[in-house]
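Following: one structure in structure tokens, then a few remarks.
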Amino acid sequence: MIVRKGLDGLSMQKLAKAAGCSPATIYIYFKDRDDLIVQLFLGEFTRMTESALLHFDPAMSFAEGLKVQWINRAEFYMENPGTMDFLEQLRHSPHYERVYQLMDRRFFEAMGNFVHTAIQRKELIPLSTELYWSIAFAPLYQLLKFHIGKKAFGGKKEKFVLTEEIMMKALGLVIKALTP
């Protein structure tokens, strides 16, 4: 409901109707609409964290660790596009400051350790978090959006399909851009 209609399109009454229950039932589990949104985000973020950290070790070489991250994130995104849209919506909402304080820190700690270790080993050029993330992951997420949306750039008629070959080529370019 949130993905289709946005955060403003969610009300406890609409949710209860869609779920086939009474609004009072929802209030048994959630204090209010904001609590429901926060709890949904935290649950989905935890699922994403567990997926992102699968087979990942912050002590890995930069190239290997980033490859594991790309594979894990791509797999999670393709299996859970609605979750990714929901998480993205919340990142750009007033709720984000509140949920950020409550989020599972394992993800941030692992990513922080990974980046700092890679910088110390001189496998990664020092960058701000925002610049690093933009170069390291935005290309992957854009390719995934083309793939999920089954659209090519510029209105081309053929559908874009993200293959392993395309993903590894993009990853290679990203690693080249980020290494000294």
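What follows draws every value from the coordinates through simple rules; no lab data is involved. The model shown is predicted, which means the values in this text are computed figures rather than measured ones.
For the residue pairs 67/150; 31/150; 31/145, the C-alpha atoms sit more than 32 angstrom apart in 31/150; 31/145.
Separation of the range 90-114 and the range 116-139, taken as the distance between their Cα centroids, equals 18 angstrom. Could you give the angle, 0 to 90 degrees to the nearest 10, between helix 138-149's Cα long axis and the longest principal axis of the Cα atoms of the chain? Relative to the chain, helix 138-149 is tipped by roughly 50 degrees.
When the convex hull of its Cα atoms is viewed from all sides, the chain shows a mean projected area of 12.2 nm².
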